[in-house]
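Readers should treat all values here as calculations from the given coordinates under stated rules, not as data from a laboratory. All values derive from a computational prediction rather than experimental measurement.
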Amino acid sequence: MFLTRIIYGIVYFVILVVEIIKAVLSTSACCLKGNVDPIVVKIKPDLERPVSLAVLANSITLTPGTLTIEMNQDEGYLIVSALTPRSTEDIIPFEPYIKKMLE
């Protein structure tokens, strides 16, 4: 069980780095073209532990073009600002890895 969590932690880190690189390229292209249309989205991830929600919130903030504005641990939701409209899956692609790593 512990080894499985370590493996998911490594996979999460790799996915996070890949998503950061993709977001840097996407955000740069949007800013250079002037295609910035900021939105605010309320996301209710399928995470139960407060530490999992905090890791997800920090991961969103680390990714360029997105920012976690508010985190409500009692109700388990995040309010996220994004530079361009996108789906919830595009904002939090690493949620399943965090869940398997920490819950």
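One table, with the values for the structure above:
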read-out: Cα-derived Rg over Rh, computed across segment 26-103 with Rh taken as Kirkwood radius; value: 1.00
read-out: Using alpha-carbon coordinates, inclination of helix 50-62 to the longest axis of the chain, degrees; value: 30
read-out: ³J(HN,Hα) computed for each position of segment 18-26 - Karplus, 6.51 cos²θ - 1.76 cosθ + 1.60, integer Hz, glycine/proline x; value: 4, 5, 5, 5, 4, 5, 4, 5, 5
